[in-house]
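Have a look at the structure below, then the notes.
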Amino acid sequence: NSHFISYGADIWAGGDDPQWTSNPTLSLGYTLNEQVSINAGIWMDVNSIGARSFGVAETDTWIGVAYDAGLVTGSVTLQNWQYGGASEEILDFGLSADTFLSPSLTLHKRLSAGANPGSNGWFAVFNAAHSIDVTEQISVTIPGQIGYALDDFHTTETGFGFANIGVSVSYALTESVSVNAKVKYWNTDGGVTGNVDNEFFTYGVGASFAF
């Protein structure tokens, strides 16, 4: 990925100058019954940006539970982010609808800042996406987001933090293996996110394995 963006904040301050990083992820899900499921996983930020030697800069883990009520699904997820020699704790509340554009809302609460210079506030993110199956192997997704700082988070300013829209293309190599490429345009408020550049594009390529 060309950038590491966390709730609108350009972590490595790449802006229009991409700072390439790799983000391996493992996610495990278990269905308890028709309504309740559990999800746990790990995500890493691996790079050699700046004076860093190539290695893991951050490791995030999470565990969550979701309840599917049919049209609407609610979830609660507890996260632990390890970076900078400290631990940041997160609690996310999610609500999604199984309808056109797959709308969802995430309320993101920072419980402890760890090495983050920000505050233990709330961030709200509205998501929507539309997917098109071009062929049996190729699918195109157009995702978008709008994020608001509900109180002190990255900085002491609140309100509109970011909006983005992008396009992602996925190609299924087999039933369980696919490759993808994506591009996304970001518009951010530097006063809320702390970004030096408010507008920029991000890019990424990846592969996924399902089992």
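Before moving on, here are some points about what is shown:
- Selection status of residue 111, assigned to a strand (DSSP E or B), open to solvent by 60 Å² or more (accessible area, probe 1.4 Å) and under 23 Å from residue 145 (Cβ atoms): yes
- The set of residues from the range 1-43 being outside any strand (DSSP E or B) and among the hydrophobic types (A, V, I, L, M, F, W, C) comprises 4, 11, 12, 13, 20, 32.
- Any hit, the range 56-63, residues being in a strand (DSSP E or B), surrounded by 14 or more Cβ atoms within 10 Å (Cβ to Cβ) and touching a Leu at 6+ places or on another chain (Cβ under 9 Å): yes
- From the list 116, 127, 187, the one residue that fits, being assigned to a strand (DSSP E or B), touching a residue at least 12 places away in the same chain (Cβ under 8 Å) and under 14 Å from residue 9 (Cβ atoms), is 187.
- Residue 142 vs. criteria in contact with a His (Cβ under 9 Å, 6 or more places away or on another chain), surrounded by fewer than 17 Cβ atoms within 10 Å (Cβ to Cβ), outside any loop (DSSP other than H, G, I, E, B) and on the phi < 0 side of the Ramachandran plot: yes
- Qualifying positions in the range 8-28 - open to solvent by 70 Å² or more (accessible area, probe 1.4 Å) and either at pLDDT 90 or above or under 13 Å from the mean Cα position of the chain (by Cα) (or both): 11, 12, 20, 25, 26, 28
- With respect to (1) hydroxyl-bearing (Ser, Thr, Tyr); (2) more than 18 Å from the chain's Cα centre (by Cα); (3) not in a loop (DSSP other than H, G, I, E, B), the lone exception for residue 202 is condition (2).
- Identity of the residue in the range 69-93, of a type in the set (Val, Ile, Thr) and closer than 17 Å to residue 41 by Cα, that ends up surrounded by the fewest Cβ atoms within 10 Å (Cβ to Cβ): 76
- Every test in (1) open to solvent by 60 Å² or more (accessible area, probe 1.4 Å); (2) more than 17 Å from the chain's Cα centre (by Cα) is passed by residue 66 save one, and that test is (1).
- Residue 196 vs. criteria within 25 Å of residue 17 (Cβ to Cβ) and either part of a loop (DSSP other than H, G, I, E, B) or of a type in the set (Val, Ile, Thr) (or both): yes
- Meets criteria (closer than 28 Å to residue 80 by Cβ and charged (D, E, K, R)) for residue 152: yes
- Residue check for residue 67: within 22 Å of residue 211 (Cβ to Cβ), aromatic (Phe, Trp, Tyr) and out of contact with any Leu (no Cβ under 8 Å at 6 or more places or on another chain): no
- Hey, residue 132 closer than 27 Å to residue 19 by Cβ, modelled with pLDDT of 95 or more and either of a type in the set (Val, Ile, Thr) or touching a Leu at 6+ places or on another chain (Cβ under 9 Å) (or both) or not: no
The values are calculated or read from the model by the stated rules, or taken from the named source; none is laboratory data. What you see is a predicted model; the values in this text were computed from it and never measured. Counting neighbours? That spans all protein chains shown, and the Cβs are built from the backbone with ideal geometry, glycine included. Protein only, heavy atoms only, side chains kept; ligands, DNA and RNA dropped before computing areas. Shrake-Rupley method; radii C 1.70, N 1.55, O 1.52, S 1.80 Å.
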